[in-house]
Amino acid sequence: MPSSTTAVTRRRRVLETAIAAHFGGGDSSTTTTSQATPALTDSAVSSLVPCLEEFLRVLSNELATINPSSSEKMKQVSSQHVVAALENMGFGSLAAEANEIVQRIQPQKRQPEARAHKRRRKQEFSQELADAQEQLLAASKRKMEGD
């Protein structure tokens, strides 16, 4: 179990990266906290973490109400569910920002062509297996007839 100092340091790093991305306008994966962004003190981290945890609890409860027609609980939460929950909660600007991030990430996901290629390869492999099976059966039949 990590020490509380390590946990605070990790939380600070995550929060500072998010703040740097927000204030710097850059991508949080490439933005470093060494840029001219506010540094977080231990008390700031200690104050922000419970607020963020509560926000995530409220968001989670809202997500649970997104698809009430389903008799079973939602097994996967999609980005559209999160955006809809944020809008329902009155965080329209945050929902719009989340939607922009999703749109930026979407092209990085597998393209339909890649899926079609994988499907074709699977079908070709199945055909190769069927051909090999036919050859084995024919060889077995010849062997049995020859005996």
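For Met89, no residue has an amide H sitting under 5 Å from its own, ignoring neighbours fewer than 5 places away on the same chain, with H placed 1.01 Å from N.
Would you mind calculating the gained length between Lys118 and Ser79 on full extension (0.36 nm times residue separation, minus the Cα-Cα distance), in nm to one decimal?
Stretched out fully, the Lys118 to Ser79 stretch lengthens by 11.5 nm.
Can you figure out the FRET efficiency of Asn99 with Arg10, using R₀ = 22 Å and their beta-carbon distance, to the nearest 0.05? For Asn99 and Arg10, the calculated efficiency is 0.20.
Taken together, the values in this text are just the output of simple stated rules run on the coordinates, not laboratory data. Note that this is a predicted model, so its numbers are computed, not measured. With ideal geometry, Cβ positions are generated from the backbone for all residues, glycine too; neighbour counts draw on all protein chains shown.
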